[in-house]
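Input: a single structure, listed below in structure tokens.
Read-outs throughout are calculated quantities, based only on the coordinates presented, and are distinct from any laboratory measurement. All of these numbers come straight from a predicted model, not from anything done at the bench. When we count neighbours, we look across all protein chains shown, and the Cβ atoms used for this are built from the backbone with ideal geometry, even at glycine.
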Amino acid sequence: MRSLCFFSGNRSEYGLVRPLLRAVRERPDLSSCLILSGAHVSGDFGATATEVESTLVDRLIPVPLTVPLDGSLASVVSGYAELTGKAGEILLRLRPDFLVILGDRAESLAVAAVAHLANIAIAHLYGGDLSQGGQWDDNNRHALTKLAHLHFVSNPDSARRVLGLGEEPWRVHEFGATSVDNFLEGEYTPEGELREKYGLKSGEPFILFTQHPVSSQSDQAFAQAMESLAALVTLGVPTIITYPCQDLGADGILRAIDCHRQESHFRIHPSLGWRDYVGLLHLHPVVVGNSSSGLLETPIVKCPCVNIGSRQEGRLRAGNVLDVGHDREAIAAAVRRALFDPEVAARVRAVRNPYGEGGASRKIAEVLAMVPRDRRLLTKKMTY
């Protein structure tokens, strides 16, 4: 039996990797463990380890950090260093056949660096994407690509970028986004339960808002969030707000949210959990902010998305996305269009998801089970 070790450092990663964990669980030739750290074990960001389904893996390993994650540079650097040491101890003890990581998080880079030194094969999901105008996210993501031995990309553009980084074509698999599988499984929270829990009336429009800091603009995070929230105040539409990720500048966004807790139409939650989040997307809200989910997942259920700022700059997007800068009037105008403009509504209804039609998770699990784990896999070559 081949052993896989997954790593997740925040709620968005878990939502993306969950369908793959399930696909692996269904195979008798694969076993799995899941290492959790970062925001999953931080009370400041929702302690989302409690949302992880332990039944999907053979072993669940939370890795608490003594460094308080508060979105400051000191906590980012110290947390990275501590996680590297603790992840190293775990991986050297378990010696899995594969470490499976995804995306562009610094936490994943820390764990992948240890696996690289320990000669553990690395499988990377969502490589080749672009976001944040080439700042931390892109640097982390492309570094992970160079460390990884197998690449599972979500779209043809990303596949071309991974190949452009000199990766051998046989290592690159373009199966689409695993997140699509969450929507096809139908295990999300039912509509009636969601409307009661979040105070949403039937037929009433609502907004889902999440804004993350941009690493190169961390000193502006508070002001940028204040612009967004000021726009949402003027609209008076029920708005479900979730906390940002723990990147540099997150403390500024949390302060901005605290400034608006008195707004009667705001429902503020550290995290929604993947079942509620996917269920809410099925109710067709307007998704506002700068989360990758706005681009990756809203086309699946044909929701409009108002994407703010540069964090997702360069990422593949469908026609349901309206891009806008950090200006309260422009944000409010874009959200009004997404809520009430028939032309936008028609465009959203006609949108096609650029990230595939589902089934990626089972295809990835099959490759991880069948690919020879030999010298050819572990010895990487540049193609130019």
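Quick look at the numbers
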read-out	value
Three-way shape call for the stretch 153-227 based on the alpha-carbon gyration tensor, with the a/c threshold at 1.5	oblate
Local electrostatic count at Ile240 - Lys and Arg +1, Asp and Glu -1, tallied over other residues with Cβ under 13 Å	0
Ordering of 30-38, 112-120 by packing [mean C-beta count within 10 Å, highest first]	30-38, 112-120
Residue among Val41, Val111, Val367 with the largest mean-square fluctuation in a Gaussian network model of the chain, springs linking Cα atoms under 10 Å	Val367
Charge-dipole axis of the chain as Lys and Arg at +1 and Asp and Glu at -1 on Cβ define it, positive-most pick from Ile364, Pro270, Val237	Ile364
Alpha-carbon centroids, the stretch 233-299 and the stretch 96-121: separation in whole Å	30 Å
Calculated [θ] (222 nm, deg cm²/dmol) that DSSP helices of n ≥ 4 give over the chain, each run adding -39,500 (n - 2.57)	-12500 deg cm²/dmol
Lys, Arg +1 and Asp, Glu -1 on Cβ, resulting dipole of the chain about Cα centre, debye, nearest 20	940 debye
Cα gyration tensor category, rounded, prolate or oblate, for the stretch 191-349 with a/c compared to 1.5	rounded
Test item: Cα-centred dipole of the stretch 170-283, Lys/Arg +1 and Asp/Glu -1 on Cβ, debye	180 debye
Angle between the chain longest axis and helix 136-147 axis [Cα atoms, degrees, rounded to 10]	20 degrees
Centre separation in Å (Cα based) which lies between the stretch 310-384 and the stretch 159-207	9 Å
Principal-axis tilt of helix 73-94 within the chain, Cα atoms, nearest 10 degrees	40 degrees
Highest average packing first - 270-279, 290-299, 55-64, Cβ atoms within 10 Å	290-299, 270-279, 55-64
